[in-house]
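All of the numbers you see were taken from the coordinates with simple rules; none came from a lab. Note that the structure is predicted; figures quoted are calculated from it, not measured. Every residue, glycine as well, gets a Cβ built from its backbone with ideal geometry; the counts of neighbours run over all protein chains shown.
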Amino acid sequence: MEIRIGSAEKAEIQEGMIGLFFEDINYAADGGLYAEMLENRSFEFVKATGDARDYQVAYDGGYAWGTYPVGAGAEARCVMGSPLSEENPHYMRLRTAKPGEGIRNKAYEGIYLKKGMEYKLLFWARCVKFQGDFDVFVEKDGKRFAEARVPAAGGTEETYNHFRRFETLLKAEEDTERADFVLCLSEPGVVEIDFISLMPCDAVAGIFRRDLFEMLRDMHPGFMRFPGGCIVEGNTLANRYRYKDSLKPAWARRNNWNRWAVHGTDSENGYESVYSHYNQTLGMGYYEYFLLCELIGAKPLPVLNVGFACQYQSDEMVSRDSAAFREFLQDALDLIEFANGAADTPWGAVRAEMGHPKPFGLTMVGIGNEQWQTEKADFFERYEMFEKTIHEHAPYIRLIGSAGPNVSSGEYRMAWEFYHAHEDRPDFAYAVDEHYYVPPKWLYEHVDFYDEYPRKVKVFSGEYAAHPSSGFNNPKANTLDGALAEAAFLTGVERNADVVVLASYAPLFARVGYAQWSPNLIWFDGAGCYGSPSYYVQKMYACNMGDVELDTCGGEREAWKEGIYYCAGLARERDEIIVKIVNSKEEARSVDLALPERWKDSCKIQAQILTGESRDSYNSLGEPEKIMPMEKAFMSLKGIELPPLSFTVLRIGARD
């Protein structure tokens, strides 16, 4: 097969077109990228149950905690009265009868330690009737792997109500996994404790779990959309993500239940999920999201609530003529000031106080997550009000609209009619967010999906993934076939870079054994992580985007019939042609490249090739590198071999 690439430059490719979508699903934040190792550190967790339009939460502040030793005489109760912070009013009252009694934390599936690494412990305590020492350690089967003693007479930063701050380091003597964290009193007494935090000292910026952070950084993403997703809306408006709650000290960030705690509830399970205690501590809040974007080189793209709860789960909304809705509008302006305002502005001062005097440089904002218009849900009118309000104060902000939950419904078509009715105003909507979770076959068959799209209003492919299978805790769903289908579809996205300006796979993270959704880009447990085949497809695209698409001379459709999908771009500074080719068949193929004059005699061809044994192959914690790119050099443009079931990226330098 010959692939012809012409010299005519077609669509300009937006810098940073391939990015990330972060949502706190599958324990992606608490229990994931946020490096906190303990569960329910402020004794504020709730248990969430129910079904659409009928959710309940019950306080369960002792969740993840128990007394130590098991069966001993210690008494631990969650109480109120004089809290460390008003936002989180409960704390633990511990009464011990003998030396060495205390409390323990299960820490998800247990504490994982690495030999020689240090871990920072921070807690607040009020010594009601106690003058001894705090003994803290990590233990498994009666053996201690890290320990420290903290004098109760020490402590700093005493609050008006006599909570004192205690800090120490625990150093791991050996590797261990699935251990308990324990805090004991050296003698009988009564102590009230709040906000017990254990963080690895190698956490990036003291916040982000290093291995997961490095997986994101190494992708070189152009942007990051956050904090969701349905998290933005909540299953009720009271459950929505309130970013201002996160702009406080960690112990003063109001705990919230996670809307994914009730995913999959039904009559058979009594409307109670195994994840009913999935909560949000907001330890990773908006300051941390903006900082993460800065550290990985991605543009921030926060998403705003427009006064709706999740339209799938609720019909709650505030009316457009209410004071409550005006608060949503004001939140938009305050967010922009928090991100971009000078340090002497009210919200810029909050950012500066949190440690970042320099503005974050926000340029894009999403208006609504996955909203659509109905007889009752007036999303279009709300969008217009947000657009007017934001652009009166910050005309440079690019707004991202919503096309609803899919790309096949009447609501989707209605949304595009709305945005195209305003297309003569380039600032009205920079791009429209489209979502599709589909079988691999759909992606192969719709590589030309954007070929006929009108060009004035741009597209953000904000949530997409191939779903060979799905469900809870299903790493096997991240197959090679799904990844190749995504790579094939992205050849069409890249060819249409004049209309598709942003694209991000979803979801991003999943903790093994804690996942409500499959497939996902990156899987992990307490000890390590791995990239799915889809992760490597995304990385290969993000790291190999040119500046402009080149003419592929109309041969694509014939190639599709043979299971070959390709696109070609030009990286101007390096004077390289970048060709991406998917071979979706189970037989090797040989292709010849016919290139423009400057490259036709090139012998500098570097390749990255992603392939595997079968369509159903996948990576796992046991075999994290079973499917990952390999490097190869080709010496000629003729006879380039494409392995069966493969995605190949070729970088071709011009002849000397």
Contour minus Cα-Cα span, THR345 to VAL190, at 0.36 nm per residue, comes to 51.3 nm
Which of (1) 16, 47, 34, 4, 0; (2) 18, 48, 28, 6, 0; (3) 18, 52, 26, 4, 0 gives P(r) over Cα pairs in 20 Å bins from 0, in percent as computed here? It is (2)
Given all pairs of distinct Cα atoms, the range 551-646 yields a Kirkwood Rh in Å of 14.9 Å
Counting all Cα-Cα pairs in the range 397-446, those more than 12 Å apart amount in percent to 66 percent
The local net charge around PRO624, scoring Lys/Arg +1 and Asp/Glu -1 for residues other than PRO624 whose Cβ lies under 13 Å from its Cβ, equals -3
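I want to verify the translational diffusion coefficient of the range 86-223 in µm²/s; compute it with Stokes-Einstein, Rh as the Kirkwood radius over Cα pairs, at 25 °C and 0.890 mPa s.
Once the numbers are plugged in, D ends up at 151 µm²/s.
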Binned at 10 Å from zero, the C-alpha pair distances of the range 371-460 give percents of 15, 46, 29, 9, 1
A student applying the Cα gyration tensor rule (rounded when a/c is under 1.5; otherwise prolate if a/b is larger than b/c, oblate if not) would label the range 360-423 prolate
Rounded to the nearest 10 degrees, the helix 410-420 long axis (Cα) sits at an angle to the longest Cα principal axis of the chain of 70 degrees
Burial-style ranking of 157-169, 423-435, average other-beta-carbon count within 10 Å with highest first, yields 423-435, 157-169
Note on the range 1-136: alpha-carbon gyration tensor, axes a ≥ b ≥ c; rule is a/c under 1.5 for rounded, else prolate if a/b larger than b/c, else oblate; result prolate
Simple spin-label estimate for SER590/TYR396, 7 Å along Cα→Cβ, in nm, reads 5.6 nm
Which of LYS10/LYS539; LYS143/LYS476; LYS539/LYS561; LYS10/LYS441 exceed 30 Å between C-alpha atoms? The answer is LYS143/LYS476
Using alpha-carbon coordinates alone, the radius of gyration and Dmax of the range 75-158 in Å work out to 14.5, 41
